[in-house]
Amino acid sequence: MSDESRLTGPSRFGPPRPADPAHCEAAHRRLMRRVWLVFGATIVLLAIGGWASDVMSLQGERTLYTARCVGGEWVDDNCTGHLAAAERIRFKASKPRAEVLFWNVGASAPTGRLAPCRIEDGKNWTCAESADAAKSITLALADGKPAANRELRLHSVRCISKLKWLRLKARGPA
């Protein structure tokens, strides 16, 4: 290998200089560090986005975020007053037992049990009327959202997105 083929080309500070293997290795390490940093930041942002949109959850569990209408009343799904963050209600579907347990997040014990249920997965299930049906905000989930049913209209709260619930919670009590 001739000395001319090892030249890196013109330099800003004078004539061409020979390629330094240590310099090339250090430049490669810096480049790889940047690639991994961008990759890691992308993964973190995707995870935060998945958490915020409630796409990721424990297997068989789904949390519904609710709001209450303060200083007004519900007309269909519109509040004539202003919204305040209410309970977070978690549902855990058990396919082998054909049941769905539900509770307010932070409570020490389940609020109720829905059974018998037809369960596809944690985001898709339908339960029949049972003793605890009146305690539940819904008897069915479709794609993780409460399916339209009369039970939802009987409650003083409505389901909202996780991000909207977090904003209302940050704003404080009404």
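The values are calculated or read from the model by the stated rules, or taken from the named source; none is laboratory data. Values in this document were obtained by computation on a predicted structure and should not be read as measured data. FYI the Cβ positions are ideal-geometry reconstructions off the backbone, even for glycines, and counts take in every protein chain you see. Remember, those area values only see protein heavy atoms, side chains included, never the ligands or the DNA or RNA. Shrake-Rupley method; radii C 1.70, N 1.55, O 1.52, S 1.80 Å.
Summary of values
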read-out	value
Inter-residue pairs, beta-carbon under 8 Å, first acidic (Asp, Glu) and in the stretch 108-133, second part of a loop (DSSP other than H, G, I, E, B), 6+ apart	121/60; 121/95; 129/139; 132/111
Which numbered condition residue 62 misses (of (1) in a helix (DSSP H, G or I); (2) modelled with pLDDT of 65 or more)	(1)
Given (1) open to solvent by 40 Å² or more (accessible area, probe 1.4 Å); (2) small (Gly, Ala, Ser); (3) in contact (Cβ under 8 Å) with a residue 12 or more places away in the chain, number of the condition residue 81 does not satisfy	(1)
Condition check for residue 50: surrounded by 11 or more Cβ atoms within 10 Å (Cβ to Cβ), at pLDDT below 90 and either of a type in the set (Lys, Arg) or outside any strand (DSSP E or B) (or both)	yes
Single unsatisfied condition, residue 71 versus (1) within 21 Å of residue 139 (Cβ to Cβ); (2) open to solvent by 60 Å² or more (accessible area, probe 1.4 Å); (3) of a type outside the set (D, E, K, R); (4) modelled with pLDDT of 90 or more	(1)
Within the stretch 123-142, tally of residues that are open to solvent by 10 Å² or more (accessible area, probe 1.4 Å), out of contact with any Cys (no Cβ under 9 Å at 6 or more places or on another chain) and part of a strand (DSSP E or B)	2
Hey, residue 112 surrounded by fewer than 19 Cβ atoms within 10 Å (Cβ to Cβ) and in contact with a helix residue (DSSP H, G or I) (Cβ under 9 Å, 6 or more places away or on another chain) or not	yes
